[in-house]
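Right, I'll just put the structure down here and ask away after.
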Amino acid sequence: MEILNSLGVLLGSSWSSGVNLYLTVAGLGILNRIGAVSLPGNLDAISNPLVIGIAVLMYLIEFFADKIPYLDSAWDSVHTAIRPLGGATLAYMATANVGPALQIPIALLSGGIAMESHLTKATARAAINTSPEPVTNSVASITEDGLVAVVLGLS
């Protein structure tokens, strides 16, 4: 029954991991740390200050990399493996107390959701890079980060 209570966090973090894994980890970790949410399973490990600090550092690097045309696409191509694995790992940790028979398929599904949102983002960014003006990348990046924040808030 706990899995149903965790469904919002599972789906929200899966989708948002595909868009911005580092903001997802930092956001969930901070929300858990201040007591705004109670994370399921072993997911409370991401509220460790070291994990939050590294996630924030990586988010800041990604924040600036996302604003530069073509660098953002290179960053996304490297993260084609990282983001889905991160989404699957978050789901695996969140379902630590349901047993491997459910934990593994849920992690696979969550990784698939993260991959789908990542590929949608990466494809849109590749199309945006063909635009001759520099503002579109910044607007897209800030919009993506805002969507991640909203999804985390809703989940």
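Could you tell me which numbered condition Gln103 fails, if it satisfies all but one of (1) modelled with pLDDT of 90 or more; (2) surrounded by fewer than 16 Cβ atoms within 10 Å (Cβ to Cβ)?
All conditions pass for Gln103, except number (2).
Among the residues of region 125-138, write down those that are among the hydrophobic types (A, V, I, L, M, F, W, C) and more than 22 Å from Val78 (Cα to Cα). Please lay out each step first, then the result.
First, the residues of region 125-138 that are among the hydrophobic types (A, V, I, L, M, F, W, C): 126-128, 135.
Listed by number, the list holds a single entry, Val135.
Let me ask another. Based on what the data block shows, is Leu119 within 17 Å of Leu43 (Cα to Cα), of a type in the set (A, V, I, L, M, F, W, C) and modelled with pLDDT of 90 or more? Break it down into steps so the answer makes sense when it comes.
Details: within 17 Å of Leu43 (Cα to Cα): no; of a type in the set (A, V, I, L, M, F, W, C): yes; modelled with pLDDT of 90 or more: yes.
No; evaluated as a whole, the condition is false for this residue.
Can you work out which of the residues in region 129-155 that are β-branched (Val, Ile, Thr) and surrounded by fewer than 18 Cβ atoms within 10 Å (Cβ to Cβ) is nearest to the chain's Cα centre (by Cα)? Give the steps one after another, and end with the answer.
Within region 129-155, the subset β-branched (Val, Ile, Thr) is 130, 135-136, 139, 142-143, 148, 150-151.
If we keep only those that are surrounded by fewer than 18 Cβ atoms within 10 Å (Cβ to Cβ) as well, we get 130, 135-136, 139, 142-143, 150.
Details: Thr130: 26, Val135: 24, Thr136: 22, Val139: 19, Ile142: 15, Thr143: 14, Val150: 12 Å.
Taking the candidates together, the pick is Val150.
Identify the residue in region 49-70 that is more than 11 Å from Val25 (Cα to Cα) and not aliphatic (A, V, I, L, M) and, among all such residues, is modelled with the highest pLDDT. Break it down stepwise before answering.
First pass over region 49-70, keeping only residues more than 11 Å from Val25 (Cα to Cα): 49-50, 57, 60-70.
Next, only the ones that are not aliphatic (A, V, I, L, M) stay: 49, 62-64, 66-67, 69-70.
Values: Pro49: 97, Glu62: 93, Phe63: 92, Phe64: 91, Asp66: 86, Lys67: 84, Pro69: 79, Tyr70: 82.
Of everything passing the filter in region 49-70, Pro49 is modelled with the highest pLDDT.
Does Ala107 satisfy being farther than 11 Å from Trp15 by Cα and either among the aliphatic types (A, V, I, L, M) or without any contact (Cβ under 8 Å) to a residue 40 or more places away in the chain (or both)?
So Ala107 fits the description; yes.
Does Ala126 meet the test of being buried (at least 16 other Cβ atoms within 10 Å of the Cβ), part of a helix (DSSP H, G or I) and aliphatic (A, V, I, L, M)?
Values: buried (at least 16 other Cβ atoms within 10 Å of the Cβ): no; part of a helix (DSSP H, G or I): yes; aliphatic (A, V, I, L, M): yes.
When the stated conditions are applied, Ala126 does not pass them.
Condition first: among the charged types (D, E, K, R) and surrounded by fewer than 20 Cβ atoms within 10 Å (Cβ to Cβ). Can you find one or more residues in region 40-48 that meet it?
Step one: filter region 40-48 for residues among the charged types (D, E, K, R), giving 44.
The next check asks that each one be surrounded by fewer than 20 Cβ atoms within 10 Å (Cβ to Cβ); those that pass are 44.
Looking for residues that are among the charged types (D, E, K, R) and surrounded by fewer than 20 Cβ atoms within 10 Å (Cβ to Cβ), one finds at least one in region 40-48, hence yes.
Let me ask something additional. Return the residue satisfying two criteria in turn: it lies in region 87-100 and is closer than 20 Å to Val37 by Cα and not aliphatic (A, V, I, L, M), and of such residues it is surrounded by the most Cβ atoms within 10 Å (Cβ to Cβ).
If we take residues in region 87-100 being closer than 20 Å to Val37 by Cα and not aliphatic (A, V, I, L, M), then Gly87 is surrounded by the most Cβ atoms within 10 Å (Cβ to Cβ).
The values are calculated or read from the model by the stated rules, or taken from the named source; none is laboratory data. Note that the structure is predicted; figures quoted are calculated from it, not measured. In this analysis, Cβ positions are derived from the backbone assuming ideal geometry, glycine residues included, and neighbour counts consider all displayed protein chains.
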